[in-house]
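For reference, the structure is listed below as structure tokens.
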């Protein structure tokens, strides 16, 4: 689903010429330089084939309620757009419906803000039924404040919305009711998906395999690492949001018969609240994991800021460091770093027990990462003695796969074991 109707009424499409504007708000500099913000916003646009023909930043001391930017700035933007024959204006900020409408009128361009741009990417990339539902829900939530007549095309997408009201009902009221009803229907469908996913997750926890979740900023190299560790072929390109739908594959970890590696959607700064809420069900996979690998693009100039953004989103999902599974930071893309900086990064990683430096592209450091994952999965283990019936093959196999067998003796048809397991796995074993 697109933020814009891509018909003959002025919608956007691949190859659209666009002017990119990045407002530089006083007191909102954060950890990123304005140049880095411009590059990331341009990358978001190019991810869906938009041709960014000009880029500008504007200092905003006091945001205007009607247009965000000052009158002179808006006039200059209109001139630049005309000079470059740009029909689309991308504003790397969250615009109110009034601000969006004013900018469209003053610049004679179609206007899309950061939230709309990210929704546009997600709408194009979502591959599964669940992903499409999540994107549509986020899109409808965003569009609810930007009601236009073109939204009646939703009526034809999935069998219609029912009776639209009598002659006294205005079109905006009908559109609003269509959106509200559709959102309620999607939420019911996603709740069913969430319950099904929960059942699958419960079954996985009863299975004798630990689950490791990859998280990180978009384009940090998660999918490349996923492919390297699992010999899979998940889409891994130098694009923002190359992966949207969660993917799981078997991975070999020392000391375990097998483990499950989960690749998840990448995060981004100022991730729209509509998307955080919509993708909550998908990201529940992270909270249920035994270990989180936070993949960082250590070669990126804003690596620290990106890491902070990932932690902020995890905290918003109730996965702050104190409330989530243990995690290891994976400093990726060593292949892009030259000496002496490379030596400094390797030295810093060696001094920290929760960091492994790698290149997912070349394979450097992958063996060390596997060893670190194995050590973390075994860390904090408690040793207990238990007795099982020798014919209880599934539970015996579960203990061998999830724990460290210290002693094993047969006594008739009884098997006596001394097993070291993490507290989480002891709780899981009790539920088997």
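No value in this document is a laboratory result; all are computed from the given coordinates. Here the structure is a predicted model, which is why all the values come from computation and not from measurement. Cβ coordinates were reconstructed from backbone atoms using ideal geometry, including for glycine residues, and neighbour counts include every protein chain displayed.
Extension gain, residue 405-residue 173: 0.36 nm per intervening residue step, less the Cα-Cα distance, totals 76.9 nm.
The slack between residue 395 and residue 98, meaning 0.36 nm per residue of separation minus the straight C-alpha distance, is 100.8 nm. Modelled label positions at residue 195 and residue 17, each set 7 Å beyond Cα in the direction of Cβ, lie 5.4 nm from each other. Here segment 336-406 and segment 67-114 have alpha carbon centers that stand 51 Å from each other.
Using per-residue counts of other Cβ atoms within 10 Å, averaged over each peptide, order 295-307, 49-61, 333-345 from highest down.
In descending order of packing, they fall as 295-307, 49-61, 333-345.
Here the spin labels are modelled as points 7 Å beyond Cα on the Cα-Cβ line, and at residue 346 and residue 371 they lie 1.5 nm apart.
Taking the highest mean first, how do the peptides 404-417, 214-227, 361-374, 101-114 order by number of other beta carbon atoms within 10 angstrom per residue? Display every interim value, and only then the final one.
Numbers: 404-417: 11.7, 214-227: 25.1, 361-374: 16.5, 101-114: 19.6.
Final packing ranking: 214-227, 101-114, 361-374, 404-417.
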